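Beneath this line is the structure, given in structure tokens, with notes to follow.
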Amino acid sequence: MRSLLILALSLFWSLLQAEDSPAPVWQPAHTWVFAIGCTVWKHDRSMNMPKKGREDTQLMEVFKQRGVPEEQIVFLKDNVGTLANIKKSFVAELAKTHTGDTLIFYFQGHGSRDVKKNGQSVYYFCNYDCDDNDDDSFLYMKDVYDIIEKNFKGAQALMLADCCCSGGLAKVAATRHTEIAYCCFDSTFAHNLSTGEWTYTDALIKGFRGDPITDLNANGEVSLRELAQYTEQRMAFVETQKAVFATFNGFNPLLQIAKPKTVLKLPAGRFIEAKWDDDLWYKAEITDAKPGKVHVSYLDDGSEGWVSPDRIRERKEKQFEVGTAVMAQCEEEDDKWKPAKVVRAWYGLHYVHFDGDVKGSLSEWEPPDRVKLKKK
């Protein structure tokens, strides 16, 4: 719970500072991208992911299109992403940076954590040549920060990850003592699994590309915080998982990352249920609106169409009040049902603290089907 409080306080103070100063504008020409995208693994093929439809390559193209010089983008794909190559390439790229520059770190693949006897967690990424029989073969999140703080000459780093336990980046950032400003914006909470889909990375693409649906306040600008809010809702609605967004050391969450070419005046509550031709209700996202009609994208199959307002409705998930005693499935203990208490409730998700877990090492965000009222 202490680490959760640190994250909350850090974000609170960052927001206060941001509101008192003009929003900065992202400078692609002064940005360095270091990305690792892994869909295959050397020692355990059961970890492999489908290569078809991968969106990490699309994200790199968006960075180029937005003006990040190609020579300032390092993308280690699949078997190129060995631990030795990651560390060597990362140090070499950071050596070229300058005062005031921005770093974007991105990892896609598998991630995990180990819970030590003292209740502390160690978070890591699964690089191409990681081996379960060798603890030193993994890319630890702590080591990523060590490399940055030893070699990066710039001012701020945006830490992105699309994998299980990716929110561990924020947990680790909260413990660092550095002048580098960090923003951790990741697909899931530090103690949770992440979807095998590309929903999170797709949201990043939309935001950095300047898709008007990520301009939540319809002011013609997309801030990093707006993209985070859009992504959090999208991940909760589509994947029933809690994305993470936290800033440290004065990173301004109002950083303007794009200016959409058009402004959409959309109704509140963009993630809804829409009735299809079979008269059944499906999850959908509102992507445009005009008098008497809304344009929806069905999230199951990507089909789109204009519908009348009577064919959309709010999707309501069961949600327990804070303090409610529940039974929840614990990922760390093979999905065993354990007694817990609701600490936070948001968008149909519940952050629970398991009974007897003094350190909070098992606490996690639960989707609706993994939490139920505890019988008296």
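Each reported figure results from applying straightforward, stated rules to the coordinates on display, with no laboratory input. Everything numeric here is computed off the predicted structure, so don't read it as measured data. All Cβ positions, even for glycine, are placed from backbone atoms using ideal geometry, and neighbour counts span all protein chains on display.
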Next item on the list: Using 0.36 nm per residue of separation minus the Cα-Cα distance, give me the extension gain between Asp44 and Tyr298 in nm, one decimal.
Entry: 87.9 nm
Check: Considering only the chain, what is the antiparallel percent among its DSSP beta bridges, to the nearest 5?
Finding: 65
Checklist line | Cut-off under 5 Å, modelled amide H: who pairs with Ala190 long-range | finding: Gly167, Gly168
Next item on the list: For the range 254-262, take each phi angle, set θ = phi - 60°, evaluate the Karplus expression 6.51 cos²θ - 1.76 cosθ + 1.60, and give the result in whole Hz per residue in order, putting x for glycine and proline.
Entry: 8, 3, 7, 9, 6, 10, x, 6, 10
Margin query: How long are the semi-axes of the equivalent ellipsoid of the range 118-179, defined as square roots of 5 times the Cα gyration tensor eigenvalues? Whole Å, largest first.
Written below: 21, 14, 12
Check: What distance in nm separates the simple spin-label points at Val322 and Arg66, each placed 7 Å from Cα in the Cβ direction?
Finding: 3.3
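If you take the alpha carbon radius of gyration of the chain and divide it by 2.2 N^0.38 Å, what ratio comes out, to two decimals?
Normalised by 2.2 N^0.38 Å, the Cα Rg of the chain equals 0.99.
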Next item on the list: Identify, among Asn127, Phe354, His30, the residue whose Cα sits farthest towards the positive end of the charge dipole of the chain, taking +1 on the Cβ of Lys and Arg and -1 on the Cβ of Asp and Glu, with the dipole about the Cα centre.
Entry: Phe354
Note to self: Output wanted: per-residue J couplings in Hz (rounded whole) for the range 132-146, from phi through Karplus 6.51 cos²θ - 1.76 cosθ + 1.60, θ = phi - 60°, x for Gly and Pro.
What the structure shows: 4, 8, 9, 4, 7, 8, 9, 8, 7, 4, 4, 5, 4, 5, 4
Next item on the list: State, to one decimal in nm, how far the label point of Lys359 lies from the label point of Lys52, with both points 7 Å from Cα in the Cβ direction.
Entry: 4.4
Check: Near Ile257, within a Cβ-to-Cβ distance under 12 Å, what is the net charge of the other residues, with Lys and Arg +1 and Asp and Glu -1?
Finding: +1
Check: What lysines could a cross-link reach from Lys261, if we take a straight Cα to Cα line under 28 Å and drop same-chain neighbours fewer than 8 places away?
Finding: Lys64, Lys206, Lys283, Lys290, Lys293
Item checked: Rounded to whole Hz, the Karplus (6.51, -1.76, 1.60) HN-Hα couplings of the range 209-225, x for glycine and proline -> 7, x, 5, x, 6, 8, 8, 5, 9, 6, 9, x, 9, 10, 8, 4, 5
Note to self: On a straight-distance basis, which aspartates and glutamates could pair with Lys338 in a cross-link, Cα separation under 16 angstrom, same-chain partners fewer than 8 positions away excluded?
What the structure shows: Asp355, Asp357, Glu364, Glu366, Asp369
Notebook entry, point to check: Out of residues 5 or more away from Tyr351 or on other chains, whose amide H comes under 5 Å of its own, with H placed 1.01 Å from N in the peptide plane?
Noted result: Val343, Arg344, Ala345, Trp346, Glu366
Notebook entry, point to check: Once every DSSP H run of n ≥ 4 in the chain is given -39500 (n - 2.57) and the sum is divided by its residues, what mean residue ellipticity at 222 nm do you get, rounded to the nearest 500 deg cm²/dmol?
Noted result: -6500 deg cm²/dmol
